[in-house]
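The values are calculated or read from the model by the stated rules, or taken from the named source; none is laboratory data. Given the structure is predicted, the values throughout are model-derived calculations rather than measurements. Methodologically, a virtual Cβ is constructed for each residue, glycine included, from the backbone with ideal geometry; neighbour enumeration extends over all protein chains shown.
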């Protein structure tokens, strides 16, 4: 990340699909913000998800971009949910420095029933289960995983619990997703997805200012129950809470301008943006490496019309192999 800071009037706006780090020194707040457009359209359009599923996956993608781009090493950050709701699996995966991929799995019959009954909020679609945040630093390093229960809370709230449990950092997240309907150059109807998010964290020089009450069931002392949040953090959190979906997703309101609206009285600094690209990590060689471990019976069972075809769940690319390419065990 570049250390130099600039004034809003002096910069080229980052635009869609770029995460913008920021700092509000007067409030001891650091954070990241993003608006996603083309990347989101490509990922969601590739699978033609029903709208409730697309919205849910879009939130996961925004959250993953906000956290994943903060990695200070070459690695991978993954957000994954597993639940007993109609959408039983969400996966959004960021590989540094800029590659994003994502997909959702859902039960069509259960989803149709949920839609007909008006049960399409994120908690209702996900059901009970867990959300896992996984950080993988690569070969030779043990992956770190933080797990938070799916308890009827939004992804925004769950992310805040994760940072409080795992990092002991007061964190506020706002996520927004919108469908835009307009017409293309030829006057034909056009559908686009947009999403945005802001992640703000309280990082004062004095660690005791960050002290928060324990989570329910924690082992902290009883004095924590009477703790009052630091005034600066309370103010920053309130500001982030005021951001609505229209502001986060409006193509006419750049993310830098939104940050200026929120924090200009305190003096917000904008740092160099980081791009995020739709880029899957699958390849013909990687999948062949998996198939090389199949037994002769498994190779035989995988054939159809004399070929083995494997489709990547993330990018929908299909790789085809001749069975003779494999030496089964």
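Here are the numbers for this structure:
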read-out	value
Search result, residues across segment 303-326 that are out of contact with any strand residue (DSSP E or B) (no Cβ under 6 Å at 6 or more places or on another chain), surrounded by 17 or more Cβ atoms within 10 Å (Cβ to Cβ) and farther than 10 Å from residue 282 by Cα	326
Test: residue in segment 4-16 that is surrounded by 24 or more Cβ atoms within 10 Å (Cβ to Cβ), at pLDDT 90 or above and not assigned by TED's automatic domain parsing to the domain that holds residue 316	no
Exclusive hit being under 16 Å from the mean Cα position of the chain (by Cα) and modelled with pLDDT of 95 or more, set 71, 125, 90, 111	90
Residue 54 vs. criteria within 23 Å of residue 200 (Cα to Cα) and modelled with pLDDT of 95 or more	no
Subset tally (residues that are at positive phi and either free of Cβ contacts under 8 Å to residues at least 40 places away in the same chain or not assigned by TED's automatic domain parsing to the domain that holds residue 123 (or both)) for segment 144-177	1
Subset of segment 135-160 [touching a strand residue (DSSP E or B) at 6+ places or on another chain (Cβ under 6 Å) and in a loop (DSSP other than H, G, I, E, B)]	143
